[in-house]
Amino acid sequence: MNSTILITIISLSLLALFSAIILYFIAQKFKIIEDPRIDEVQALLPAANCGGCGFAGCRNLAEALVKANTLEGLNCPVGGADVMSQVAKLLGKEAPIVEPMVAVLLCNGSIENRPLTSKYDGAPDCRISNSLYIGETDCSYGCLGNGDCVRACKFDAIYMNPETSLPVIIDDKCVSCGACVKACPKNIIELRKKAKKDYKIYVACSNCDKGGIARKACKVACTACTKCVKVCEYNAITIENNLAYIDASKCTFCRKCVTECPTGSILELNFPARKTISETRTESVTA
Amino acid sequence: MKTFPLGGVHPPENKLTANKSIRVLPLPSSVVIPVSQHLGVASTVVVNKGDTVKAGQVIAESKGYVSTNIHSSVSGKVNKIDTIIDNSGYRHTAVFIDTEGDIWMDSIDRSEKIIREISCSPEEIVKKCLESGVVGLGGATFPSHIKMTVPAGKKCDVLIINGVECEPYLTSDHRLMLEKGEEILIGASVLMKALKTGKAVIGIEDNKHDAIEHLTDLASGFKGISVQALKVKYPQGAEKQLIKALTGREVPSGKLPIDVNAVVHNVGTAFAVYEAVQKNKPLFERVVTVTGKSLSDPGNFLVRIGTPISSLIEAAGGLPDDTGKIVSGGPMMGKALINTAIPVVKGMSGIILFPIDESDRSEFKSCIRCAKCVSVCALGLEPYLLVTLSEKGLFERAEKEGIANCMECGSCAYICPGNRPLLDYIRLGKSEVLKMARERAEKQKDTFTK
């Protein structure tokens, strides 16, 4: 073999070996010793990096979980109780008590219920239209319909219904990460406790104007007439600033408030159709 | 001819009402006077339902440093204190008064006589302007009495009177200069006395030759006041641009005109100062331009504060059938109104009725990086960049790029060939950045007090 080639091969190999040795020692000197459990916990997390846990990404949460004395207060809403119990088992700590939640829009001001009184043709962004005026209706509090929440959702759980101009939240996909809650400039999206069979009962209104003004702006506004408060046997409903609010943890889904509400402001979702009185009478007669 | 060096645009002037002399609008049957008509803290209502009031009577008092008084514009009975959606686009408290007769407060000099002798001291001038609710009538509505005292350690060597009226369509300042020129110059002299300066310059854009000639003529009878014509370019009427064009001085970023020894007041404000100090008349009426290509009788009207704009539209010939948008202020910086019950407030320099084919914004397209927005920005900012930063929520970077300097003149949005709503996004970024800066200042205060 040509001696030039031989010298080239040997010198390059020695250079490579020399660099490798230097790199090895530098790697050893600057090695970061990390708890190996952080990698293991991170592998259990869903890797959505949505920030719903309140930390900067899944790795950040994994670090916090490993370092924490107790897992109470720490939760991955996307993974839910399943993932949290797996993590707890891995770390030998007690699993935190986690209540599954779901995002709910506290407004039912569709185009049919809440007539448009002006047209907005500025930038299609709720934060911007909110900074300019009360919106295309006479309700200063309701949904603006420009879809900041739709854009904020990383789980495809919200879409805009073109007929109502209101966002629709898909229960199955919502992981209660809270991104839409933060994105809404009107602060009318709320995380509510998830109930059995996805039952939902809530006051679909955020209007704090006096009853007369609210009702003129929207057919299904809450006028704070207090009928719901009086009929609720579980003290689940409170009225503040001309607006009724149902506490999801006290509600037993008896639906009495829904029937009582004169404007239809309280919504019941995912319930089976109610039996009418004539149906029940027929049943008892034939039985 | 003098002008500002950087940026600027030339929207069509459309000064349809430049030759229409001021008409007094008939007294409205009722007025609705909002309590937030000025920058700063809203005033506190001091009257009750059923009270009888006279025109010029205080109905809401100044609350805090940046605040001023609000007066009834008619005589009559207070119907109620309730809320109304006003020209800000939001619901605010307002005093509803039913008009009865036209009795003014006894202290007001209601005669036509022009009072030339200035007998008040500088402190009395400032006090009278606060009591009379004088605010910046160029549109910013900053309580003027605050800009009439020179802070300790600073000096004012020139008072600038802003007669530029660079917004298209608006002509109320133009007519005021032609018809109340002497009163404006007396008002300027009053301001000079309060600011303890011997020099005043009135800047007027070159599309108002008659006003330039008239005021130059009158100014020869006043010591220290001169008139300067300025090249027609928007936004020449902006404070910093005006100071640069007239004096060559540049107000540094984050600083005020007084930091370069200048103070700027609008001609309408100078007139209001004359009325407040020389005639004891509080600010309760103003000249409003009512204009639009489809109006049958557009004009400039002297209107009582609180008059619904429906009355102005009636006086201008009635609402045209093809009306698509009603804007309060000018087409560049004004704001669209959502109904015609909205009352006239101190800052309403004009209302423009746009036909439907000029109302809707076209659909906007992507940014093509043409940099036209950069070339027209009078403050040397990069609008396309500020928009992207605001949209993506990168507010710290936006702050570094100087978004807080933006005066929201709208030149960038006007020139964008893609029709992009640049100003909307920049305003969003600006409000977030200012909020961040406020929170930072609060935190710093806490660390020092701890």
Just checking the output field for B:419-432: average partner chain Cβ neighbours within 10 Å of each residue's Cβ?
3
Alpha carbon centre of the stretch B:288-303 versus the stretch B:236-277: separation in Å?
28 Å
So how far, in whole Å, is the C-alpha centre of the stretch B:361-414 from the one of the stretch A:53-74?
39 Å
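What percent does the relative contact order of the stretch B:210-328 come to when contacts are Cα pairs within less than 8 Å and at least six residues apart? All intermediate terms of the calculation are to be shown ahead of the outcome.
Working: 91 pairs, mean separation 14.2, N = 119.
Result for the stretch B:210-328 is 12 percent.
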Given the rule -39500 (n - 2.57) for each run of at least 4 DSSP H residues, summed and divided by the residues of the protein assembly as shown, what is its mean residue ellipticity at 222 nm, to the nearest 500 deg cm²/dmol?
-9000 deg cm²/dmol
If Rh is defined by the Kirkwood formula over all Cα pairs and Rg also comes from Cα, what ratio Rg/Rh do you get for the stretch B:23-99?
0.96
Chain A: most fluctuating residue of A:Gln42, A:Gln28, A:Gln86 per GNM, C-alpha cutoff 10 Å
A:Gln28
If you check each cysteine of chain B for another cysteine whose beta-carbon is under 4.7 Å away, which ones come up empty?
B:Cys120, B:Cys129, B:Cys156, B:Cys166, B:Cys367, B:Cys370, B:Cys377, B:Cys406, B:Cys409, B:Cys416
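Averaged over peptide A:122-135, how many Cβ atoms belonging to another chain are found within 10 Å of each residue's Cβ? Mind showing how you got there, number by number?
Working: counts 5, 12, 3, 6, 0, 6, 8, 2, 1, 5, 7, 9, 6, 2.
Neighbouring Cβ atoms belonging to other protein chains average 5 per residue here.
Which percent, to the nearest 5, of DSSP beta bridges fully inside chain B are antiparallel?
Working: 36 of 59 bridges.
Roughly 60 percent of the DSSP beta bridges within chain B come out antiparallel.
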Looks like chain A, by Cα gyration tensor root eigenvalues a ≥ b ≥ c and the a/c under 1.5 rounded cutoff (else prolate when a/b is bigger than b/c, oblate otherwise), is prolate
I want to verify a result. In a Gaussian network model of chain A, Cα cutoff 10 Å, which of these has the top mean-square fluctuation: A:Asn241, A:Asn75, A:Asn49?
A:Asn241
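Just to be sure I understand: if I project the alpha-carbon convex hull of the stretch B:27-149 onto a plane and average over all orientations, what area do I get in nm²?
Working: hull surface 33.8 nm².
Mean projected area for the stretch B:27-149: 8.4 nm², to one decimal.
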Can you tell me the FRET efficiency between B:Met436 and A:Val231 if r is taken as the Cβ-Cβ distance and R0 is 41 Å, rounded to the nearest 0.05?
0.30
Take the stretch A:1-154, drop everything but the C-alpha atoms, weight them equally and run the Debye formula without solvent; then report log10 I(q)/I(0) at 0.15, 0.16 Å⁻¹ to two decimals.
-0.89, -0.93
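How crowded by other chains is B:330-338, given as the mean number of beta carbons from other chains within 10 Å of each beta carbon?
Details: counts 0, 0, 0, 0, 0, 2, 7, 2, 10.
So the per-residue partner count for this stretch is 2.
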Hey, which of these cross-link pairs are over 19 Å Cα-Cα: B:Lys128/B:Lys193; B:Lys20/B:Lys346; B:Lys147/B:Lys240; A:Lys119/B:Lys435; B:Lys193/B:Lys231?
B:Lys20/B:Lys346; A:Lys119/B:Lys435; B:Lys193/B:Lys231
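Please give the FRET efficiency for B:Ala152 paired with B:Ser121, using the beta carbon to beta carbon distance and R0 = 25 Å, rounded to the nearest 0.05. Don't jump to the answer; show the numbers that get you there.
Values: r = 18 Å, r/R0 = 0.72.
My answer for the efficiency is 0.85.
Normalised by the number of residues in chain B, what is the relative contact order in percent for Cα pairs under 8 Å and 6+ residues apart? Before the final figure, lay out each step's value.
Numbers: 1017 pairs, mean separation 82.5, N = 450.
Answer for chain B is 18 percent.
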Most packed first (mean Cβ within 10 Å per residue), the peptides B:36-49, B:153-166 order as B:153-166, B:36-49
Give the Rg (one decimal place) followed by the Dmax (whole number) of the stretch B:372-449, computed from C-alpha coordinates and expressed in Å.
13.9, 51
Dipole of the stretch A:122-212 (Lys/Arg Cβ +1, Asp/Glu Cβ -1, origin at the Cα centre): which of A:Asn187, A:Ser140, A:Gly122 lies farthest to the positive side?
A:Asn187
Candidate aspartates and glutamates - alpha carbon under 14 Å from A:Lys93, same-chain residues fewer than 8 apart omitted:
A:Glu72
Nearest 10 degrees is fine. How inclined is helix A:58-67 to the longest principal axis of chain A, computing both from alpha carbons?
80 degrees
Quick check: from the Cα gyration tensor, does the stretch B:302-450 come out rounded (a/c under 1.5), prolate or oblate?
oblate
Please report the base-10 log of the normalised intensity I(q)/I(0) for the protein assembly as shown, using a Debye sum with one equal scatterer per alpha carbon and no solvent, at each q in 0.10, 0.11 (1/Å).
-1.10, -1.25
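Going through the stretch B:332-363, which trypsin sites (Lys or Arg not before Pro) have at most 15 other Cβ atoms within 10 Å and a DSSP loop state? Before the final figure, lay out each step's value.
Numbers: sites: B:Lys335, B:Lys346, B:Arg361; in loops: B:Lys346, B:Arg361.
Answer by residue number: B:Arg361.
Kindly give Rg over Rh for the stretch B:196-328, based on alpha-carbon atoms, with the Kirkwood expression for the hydrodynamic radius.
1.03
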Largest first, please: the extent of the C-alpha atoms of the stretch A:73-153 along each principal axis, to the nearest Å.
59, 25, 16
If the elastic network links every pair of Cα atoms under 10 Å, which of B:Ser73, B:Ser294, B:Ser107 fluctuates the most in the Gaussian network model of chain B?
B:Ser107
Quote the convex hull volume per residue of chain B, based on C-alpha atoms, as a whole number of Å³.
151 Å³
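Provide B:Lys445, B:Lys325 in ascending order of the number of other Cβ atoms located within 10 Å of each residue's Cβ, fewest first.
Working: B:Lys445 10, B:Lys325 19.
Going from least to most buried by this count: B:Lys445, B:Lys325.
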Over chain A, what is the mean sequence separation of C-alpha contacts under 8 Å (at least six apart), divided by residue count, expressed as relative contact order in percent?
14 percent
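At 4 °C and a viscosity of 1.567 mPa s, what translational diffusion coefficient does Stokes-Einstein give for the stretch A:36-91, taking Rh as the Kirkwood radius over Cα pairs? Give it in µm²/s as a whole number.
On the way: Rh = 10.8 Å.
Using the Kirkwood radius from Cα pairs, D works out to 120 µm²/s.
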Residues in the stretch B:68-91 reached by a label modelled at B:Leu39 [backbone nitrogen below 20 Å; 7 Å Cα→Cβ]
B:68-70, B:87-90
Among the aspartates and glutamates, which have Cα under 16 Å from the Cα of A:Lys197 when same-chain residues fewer than 8 positions away are ignored?
A:Glu99, A:Asp171, A:Asp172, A:Glu268
Straight-line reach from B:Lys208: which aspartates and glutamates have Cα under 12 Å away, leaving out those fewer than 8 places along the same chain?
B:Glu13, B:Glu165, B:Asp173
Within the protein assembly as shown, the percent of DSSP beta bridges that are antiparallel, given to the nearest 5, stands at 70 percent
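Read-outs throughout are calculated quantities, based only on the coordinates presented, and are distinct from any laboratory measurement. Please read these numbers as outputs of a predicted model, since none were measured by experiment. Because the Cβ atoms are built from the backbone with ideal geometry, glycine has one as well, and the counts that use them run over all protein chains shown.
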